[in-house]
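Each remark here refers to the structure printed beneath this line.
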Amino acid sequence: MDRATFARSTAFFRDSSGSPQGSAGIPGDHVDFIERVDSFTYSDFFRDFLIPNRPCLFSAALTEGWPSRRFWVTRDGKPNFEHLLREFGEAVVPVANCDAKEYNSNPKEQLPFKEYVQYWQEYIRNGHRSSRGCLYLKDWHLSRAFPEQDVYTTPVYFSSDWLNEYWDAVAVDDYRFVYMGPKGSWTPFHADVFRSYSWSANICGRKKWLLYPAGQEELLKDLHGNLPFDVTAPSLQDSRVYPRYGQSQPPLEILQEPGEIVFIPSGWHHQVYNLEDTISINHNWVNGCNVAIMWCFLQDELAAVQREINQWKDPMDDWHLQCQLIMKSCTGIDYKEFYNFLKVIAENRISVLEKGLDEETSAKNTPKAAISTLGMLHAVFDLKRTVKVLTSLSANEDFKKLDLSSLSPPPEALLHHLKAAIDTALL
């Protein structure tokens with residue numbers, strides 16, 4: 001991060017509500033295409049897309065050196081089933097049925113990868129039809145299951161990735177996924193986990209994306225406040241069921257070609273179609289630009305849980321704790337873990353600012369090495385954003401009602417350390 005970008009980002013988040021939730025300045029039918037990635041810097045991306053929360057599409061030049069682009073794809077651009085079976089045939093993978101609906105999503109099952117590939121090959125031979133429906137391999141944690149596989153490199157634009165930095169540190173989960181699906185497979189209307197950013201690289205095949213800027217989804221809800229399963233369904237035209245649909249804007253549409261990477265902004269709802277047999281690599285990620293959006297999302301989720309079980313508030317002694325447990329089961333995180341998330345992010349940056357990096361550490365693929373690559377000003381920006389959100393969390397009444405004795409260091413001590421580190425770095 002250069003000094004001009006640091007100054008601009010600091011001013012933006014100081015003068016705004018603290019999050020780039022809106023869609024100001026986005027042309028109604030245009031998504032920028034970044035063709036010359038060799039001359040497009042991290043600061044360019046940060047300034048033009050992360051801060052204003054705008055989508056963009058990167059050319060295939062960004063992925064041309066990836067092993068997955070060479071080995072997972074045949075010469076005619078199709079999935080290389082022979083290679084994939086040789087590498088991953090014994091894996092068990094999550095598979096969704098695109099022709100079925102269950103609780104506003106597609107029902108999933110676990111299948112051996114070799115069985116899924118056999119299904120896929122038969123599906124192609126039968127003219128992309130099957131009595132089993134259209135099955136889509138989704139949310140496969142391939143990087144976690146096969147850490148020795150070097151199939152791609154995260155582009156520098158997406159390297160400030162707090163989600164995976166934290167979950168790698170606690171060795172519990174990650175938000176790196178592989179998707180593989182036949183022509184006609186699709187993902188229903190949704191926003192990403194924690195209202196995070198996402199990036200998605202097509203290894204082979206083509207996708208169509210329908211994007212709605214953050215806030216537009218409110219106009220797509222039905223009388224009961226439910227979002228549609230399919231935003232292209234004719235039923236949305238019925239104003240008796242969807243009274244505000246007529247006020248919504250048409251979605252932004254992206255046609256993503258092989259090798260291209262799409263960047264989806266924080267909180268943007270979207271629907272995605274595979275126009276051909278397609279393989280993609282996807283990350284969900286959070287950083288200093290959208291961590292406040294994540295925090296707002298968690299507060300909204302807790303409020304929804306509290307409304308659902310409000311009748312038990314008086315007779316249940318540990319009602320506040322139960323609300324946290326339910327929220328974690330639904331979203332994957334509660335307030336105390338969110339504190340630990342902020343702590344890990346902060347401590348990694350404080351370490352780099354206070355101690356720097358030795359040559360051995362900087363040569364490794366570690367969070368601290370990534371922080372150093374983005375520069376000391378980026379670390380300071382991250383700490384400033386962490387202070388902002390941690391201050392809000394510490395003052396939150398639902399957070400203060402929890403037993404915080406297990407948190408180390410206590411929130412007040414961590415905040416003091418953060419502010420001191422920022423002051424020292426800016427001397």
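All of the numbers you see were taken from the coordinates with simple rules; none came from a lab. Computed from a predicted structure; not experimentally measured. Here the Cβ is made from the backbone with ideal geometry for all residues, glycine too, and neighbour counts use every protein chain on show.
A few points about this structure:
- Spacing of the two label points (7 Å from each Cα toward its C-beta) at Lys355 and Phe33, in nm: 4.7 nm
- Per-peptide average of other Cβ atoms within 10 Å, ordering 306-314, 174-182, 219-227 highest first: 174-182, 219-227, 306-314
- Förster-model FRET efficiency, 22 Å R0, Ala91 and Arg70, C-beta, rounded to 0.05: 0.60
- When each of the peptides 236-247, 275-286 is scored by how many other beta carbons lie within 10 Å of its residues on average, the order from highest to lowest is 275-286, 236-247.
- Estimated FRET transfer efficiency when R0 is 45 angstrom, pair Val156-Ser235 (beta carbons, to 0.05): 0.55
- Label point distance in nm, Asn126-Ala395, each placed 7 Å from Cα along Cα→Cβ: 6.0 nm
- One decimal place: the segment Asn104-Asp15 gains 28.2 nm when fully extended, by the rule 0.36 nm per residue minus the C-alpha distance.
- Gyration tensor verdict on the stretch 291-425 (Cα atoms; rounded if a/c is under 1.5, prolate if a/b is larger than b/c, oblate otherwise): prolate
- Listed residue (Ser196, Asn164, His417) projecting farthest to the positive dipole end of the chain, Cβ model: Ser196
- Given charges at beta-carbon only (K, R positive; D, E negative), |dipole| of the chain in Debye: 480 debye
- Matching label, P(r) over Cα pairs in 20 Å bins from 0, in percent computed from the structure shown, candidates (1) 24, 57, 19, 0; (2) 27, 59, 14, 0; (3) 20, 44, 25, 8, 3, 0: (1)
- Karplus (6.51, -1.76, 1.60) ³J(HN,Hα), θ = phi - 60°, over the stretch 233-246, in Hz, Gly and Pro reported as x: 5, x, 4, 5, 6, 7, 5, 6, 9, 10, x, 10, 4, x
- In loop segments of the stretch 338-427 as defined by DSSP, the trypsin sites (Lys or Arg not before Pro) with at most 15 further C-beta atoms inside 10 Å of their C-beta are Lys364, Lys401.
- Within the chain, percent of DSSP bridges classed antiparallel, to nearest 5: 95 percent
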